[in-house]
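Written below as structure tokens is the structure these notes are about.
The values are calculated or read from the model by the stated rules, or taken from the named source; none is laboratory data. Just so it is clear, the model here is predicted, and its values are computed rather than measured. No Cβ is skipped: glycine too gets one built from the backbone with ideal geometry, and neighbour counts run over all protein chains shown. Only protein heavy atoms, including side chains, enter the accessible area calculation; ligands, DNA and RNA are left aside. Shrake-Rupley method; radii C 1.70, N 1.55, O 1.52, S 1.80 Å.
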Amino acid sequence: MRWSIEQIPLRFRAAAAGICLYLLWPVAHAPEWQWQSLWQSEAETATALAPLLSFYTKYGEQALPALQAQLELNKLRDMELALIADNAEFSAQSRDDSWAEATEFMIAHVAQTVGANELRIYDSECRNNLCRIELAAPKGLNPDFRALVLKYAATLKAGDLEFHDLKESKDRIMLELKSDKRLQYGFFAERALKPAEREQWLAEVKAWLGTQQNNKK
């Protein structure tokens, strides 16, 4: 006699599925370091867990929620550092329109006022936190023109643009400036960096730190 799952009444199948989900729920929500230990070697696991075990030994079980929250915040920090590295080059950046438009206007205005019409801009473009300015240099980067470019860059510094790079060609130079503004990312990257749980993690870490401060008094 051949047996099939369809022979089991639907209510029993639903109950069995519910039991499985109940048993697997803690596994699905296990901290990432527990999952990582499944594919790491014993030595790698020991090295990774050493700081966590040291913290646990020192502060006990009451510190675990704050520890887990800090680990999640560390993941967000590492994710943003990776995004910053991916956006390090001008060619890799997308455009932050509102900031870029305002900054390009400032670049053109400063060139007219500081350069006394001696600075001619072929092109300028800003993206996420980098700007490129292509300047005419008919006589090359001689001492007088270098001094003028440095004066221009120093004035732009007041507008939150730091000197980043300068490339010289036959009759023009490419000046690259960088802002310390926070990079703007795409929709999904921003969502990943600011999950709904982020505020709760920050609150848990802050509450635990407050407890430690009170214990020292």
So, for the stretch 120-214, what is the accessible surface per residue at a probe of 1.4 Å, expressed in square angstrom? 62
Too long for a 25 Å Cα-Cα cut-off, among 151/178; 58/194; 139/181; 75/216, are 58/194; 139/181; 75/216
Linear extension gain, residue 63 paired with residue 77, 0.36 nm per residue minus alpha-carbon span: 3.0 nm
What distance in nm separates the simple spin-label points at residue 122 and residue 105, each placed 7 Å from Cα in the Cβ direction? 2.7
Probe 1.4 Å, all protein chains present, accessible-area order of 120, 127, 198, largest first: 120, 198, 127
Sketch the reach of a paramagnetic label on residue 168 as a point 7 Å from Cα along Cα-to-Cβ, and name the residues of the stretch 69-93 whose backbone nitrogen lies under 16 Å away. none
